[in-house]
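**Student:** Mind having a look at this structure? Questions to follow.
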């Protein structure tokens, strides 16, 4: 029998995969001997001995030639830094070398002159082999757009094949990678299992529109259904994550999610990555707010530590004023021991008071029972608290069916609230949304019925509550919203390599 | 101007995100003080003092009651291990406690008796508060299927809402998480940026059928197009990854991919996770085989180290014979300094010879110019080499348009080969496929034209070669194939939480 044989083997697998994780991730790893030429990041982080020969590969970020010497700056995207190459005689420079060309330079690694801004430079003299000294691997055309130094973000989005080569966008891609790794390590240290819920689903988690439908290209034409039923791209993996939570207690995921939203804003995408987490055996929404605060602070702390440690690099390369703008955001987030938490009802009171006192002039009046508008969210976090703030216990009627109803006013639908929270941050508004999930089958069925929802596609989800149901809750966070906020980027499309939105899927 | 302001700020961000990674991931982290009750994994990995009070939450994995005492085993999915609870008097056990019920038990943490198989047990006596001693949080119905100990994998797939609670499937989910983390750490240590290519695309990478079409649900009915053109789910992120490679030099991703394959095999899924990597400034396919071997070995080494370290647990809990079956696979993979590499032409010769010598009896005769069949791949890796083996330089006509054509026979289409490789492993066959990508615009255009492909949707991909083109290559690996192979699982559907295939998308 497959199942019993496998069961026994799996036990072996599973023994120490959770408990040994901290040990593993803190164990020292010897540097890998990669079968690749050294990257610029590798060269700069452990530089070769002075005067030793070395080959540098990359793209020309700038060059100039004078009578006796030429200067070529080379970047390869593994770090924002470039390597300065001093070429003597300048005749070694091929005529087709331009900004943006890919090149290989061979020379001697040399400590920079005293008073020079860079610690090292590559001295290229062609003594060994003049032909190998400076080689152009790939030329650029006369109209290659990135030869010009600066472009608007809007223009760059029109050239997806080149946009990521800019210093801004390549930095953002590295930033994504660093933030994701920080999250992986945080959840490992918190004993969570990273899971892979499906993206094709026959359920609609939020119970509301804006879905992408999926069908096999060959079936579409025949009017048949590949899965035997309608299937959609996931708008949230929460329901499937709850199934895994009821098996593993603590689960998270980072997956693409999809919304066919036609609104054209600077904080929405049709395809985005969503971090979701579910935790069993929690009883109170404050456990979830506390945990999500730990999660974000652990990422920010890491970013901030890195900045501090690299202060000497920073002062050489960038405008201190601008670094301060960004780091002050991170410091603000780390400063308070615990971010403020208010209820939705308190939020409405604060908003009312500010209007009455003439401090604010909202386009939409805040009304109990209606959702907070983006302007309200941004004002609360940005102006009133000047910090991320949790807002809990929203009105039942504003939230999805699966949220746990609070005992107070639970018999008065119009005044009832649910055990939920949003994390609001300055400039962005909602960054995280979460709640306790109703784990009592009867109560959940009653709510589904009150909302006149079709229960049949949710039977599998309800079944979770039929057997071994546990109190649990969780939250979701748009990965790009986090990146946008932490990197102070105005438009969410500029933290994504290939943004997808209405009328835009060029490649 | 957005671009220049952001550019400067981004420099600050990017300074040390690459170079400091090794330091970061090796820094010690103090244990988190989570706002959750302790999980069973946490309790077992740092047990409380003897005789101290403690609460255990989980699901009942077994129970029995005698006259003076009851035994309840509790598991919570954070580890395969359970906590044994000794309940005296047995009357503390509520009548609705059954296998599968979720429970909270409160008792004293006690060192196990000498000669007892477990090191610790929970002594529950209800002295403080009899009502709190054993609480059932969620009952199970009489027909709850997991009360029975063992089920076939086939049956379990029919109950997706409960399947992941089995000891086999919860172990596999933890295994997925561990393997993914091992990959994240490997690529970080190799200086790669983890990227997020789009899943909705207007390109068809492989130039071949089996696509899922994506359309907004509301547009489908109106016959309109959300993106202004046809859009599909990605079958491979390679083309977009090449764009990012030409910006960052070393990139990888782990994303869902989709194929509307109607074949019903034990190694195909319609939705699966794919690891893809691209590297710039490589010249030879052997650099890619060497690197992918390092990648897999780093994962296997970690799995194997964990097993060794937990030997004392294993001998208590499982059949040694079965552990050996699985660990011998891992050891086999680690044993050789370098796995064998043969060319496709040599593979065909080996297959021919084995048939001539009567050692094999293939259903399909191996013919130069045709693809290797699954039976050939499995025999080569499983019987002939008894180990993973790289096969390189396949016929041009068997491979996609973007692969670099080898110089030998390049003028004879029927004999030409490409600089590519497959990694074949026993039992599974192809695990990885990769190649050098043609980076010469003219050659690539010639090949596209020879194949009579429509060049217009590929203009953005060709543009990469117009400006600053660099030699590069990469590979893709089905994440589930890797998991299936490493965990010795017969059917790929059993390494996936919610498998998707033709006629199957139940939730």
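**Student:** For segment A:96-122, which residues satisfy the criterion of being out of contact with any strand residue (DSSP E or B) (no Cβ under 9 Å at 6 or more places or on another chain) and within 23 Å of residue A:144 (Cβ to Cβ)?
**Tutor:** none
**Student:** What about residue A:441, is it within 13 Å of another protein chain (Cβ to nearest Cβ) and surrounded by fewer than 21 Cβ atoms within 10 Å (Cβ to Cβ)?
**Tutor:** yes
**Student:** Would you check which residues across segment B:349-382 are under 30 Å from the mean Cα position of the chain (by Cα) and either in contact (Cβ under 8 Å) with a residue 40 or more places away in the chain or part of a loop (DSSP other than H, G, I, E, B) (or both) and list them?
**Tutor:** B:370, B:371, B:372, B:373, B:374, B:377, B:378, B:380, B:381, B:382
**Student:** Taking the conditions exactly as written (out of contact with any helix residue (DSSP H, G or I) (no Cβ under 9 Å at 6 or more places or on another chain) and not in a helix (DSSP H, G or I)), does residue B:191 satisfy them or not?
**Tutor:** Against the criterion (out of contact with any helix residue (DSSP H, G or I) (no Cβ under 9 Å at 6 or more places or on another chain) and not in a helix (DSSP H, G or I)), residue B:191 does not qualify.
**Student:** How many of the residues making up segment A:113-158 are under 29 Å from residue B:457 (Cβ atoms) and free of Cβ contacts under 8 Å to residues at least 12 places away in the same chain?
**Tutor:** Within segment A:113-158, residues that are under 29 Å from residue B:457 (Cβ atoms) and free of Cβ contacts under 8 Å to residues at least 12 places away in the same chain number 8.
**Student:** Testing residue B:454 on (1) at pLDDT below 95; (2) at the interface with another protein chain (Cβ under 8 Å from one of its Cβ atoms), one condition comes back false. Which one is that?
**Tutor:** Evaluating residue B:454 over (1) at pLDDT below 95; (2) at the interface with another protein chain (Cβ under 8 Å from one of its Cβ atoms) leaves (2) as the failure.
**Student:** Let me ask another. Of all residues in segment A:53-85, which are over 39 Å from the mean Cα position of the chain (by Cα) and assigned to a strand (DSSP E or B)?
**Tutor:** If the condition is that a residue be over 39 Å from the mean Cα position of the chain (by Cα) and assigned to a strand (DSSP E or B), then A:53, A:65, A:70 are the ones that fit.
**Student:** Continuing with the same structure: For segment A:183-208, how many residues are modelled with pLDDT under 90 and more than 7 Å from chain B (Cβ to nearest Cβ)?
**Tutor:** So the answer is 5.
**Student:** Which one is nearest to residue A:486 (Cα to Cα) among residues in segment A:423-448 that are more than 18 Å from the chain's Cα centre (by Cα) and assigned to a strand (DSSP E or B)?
**Tutor:** A:435
**Student:** Also, quick follow-up: If you check every pair at least six apart or on different chains, which have Cβ atoms under 7 Å apart with a residue in segment A:210-230 that is over 15 Å from residue A:258 (Cβ atoms) and more than 7 Å from chain B (Cβ to nearest Cβ) first and a residue that is loosely packed, with under 13 Cβ neighbours inside 10 Å and at pLDDT below 95 second?
**Tutor:** Filtered contacts from segment A:210-230: no entries.
**Student:** Just to be sure I understand, how many residues within segment A:252-287 are at the interface with chain B (Cβ under 8 Å from one of its Cβ atoms) and surrounded by 20 or more Cβ atoms within 10 Å (Cβ to Cβ)?
**Tutor:** 11
**Student:** When you go through B:180, B:161 one by one, which is the residue that is more than 28 Å from residue A:458 (Cβ to Cβ), facing chain A (nearest Cβ under 8 Å) and part of a helix (DSSP H, G or I)?
**Tutor:** Testing whether each residue is more than 28 Å from residue A:458 (Cβ to Cβ), facing chain A (nearest Cβ under 8 Å) and part of a helix (DSSP H, G or I) leaves just B:180.
**Student:** Also, I was wondering about something else. Residue A:170 versus (1) touching a strand residue (DSSP E or B) at 6+ places or on another chain (Cβ under 8 Å); (2) farther than 21 Å from residue A:429 by Cβ; (3) facing another protein chain (nearest Cβ under 7 Å): which is the lone unmet condition?
**Tutor:** Result: residue A:170 fails condition (1) only.
**Student:** Another one. So which of B:197, B:256 is under 21 Å from residue A:259 (Cα atoms) and not in a loop (DSSP other than H, G, I, E, B)?
**Tutor:** Just one listed residue meets the conditions, B:256.
**Student:** Here is a further query. Specify which of the listed residues (B:137, B:164, B:173) is surrounded by fewer than 19 Cβ atoms within 10 Å (Cβ to Cβ) and either modelled with pLDDT of 90 or more or under 22 Å from the mean Cα position of the chain (by Cα) (or both).
**Tutor:** Selected residue: B:137, the only one of B:137, B:164, B:173 that is surrounded by fewer than 19 Cβ atoms within 10 Å (Cβ to Cβ) and either modelled with pLDDT of 90 or more or under 22 Å from the mean Cα position of the chain (by Cα) (or both).
The values are calculated or read from the model by the stated rules, or taken from the named source; none is laboratory data. Note that the coordinates shown come from a computational prediction; the quantities given were computed from them, not determined experimentally. Glycine gets a Cβ as well: all are built from the backbone with ideal geometry, and neighbour counts include every protein chain shown.
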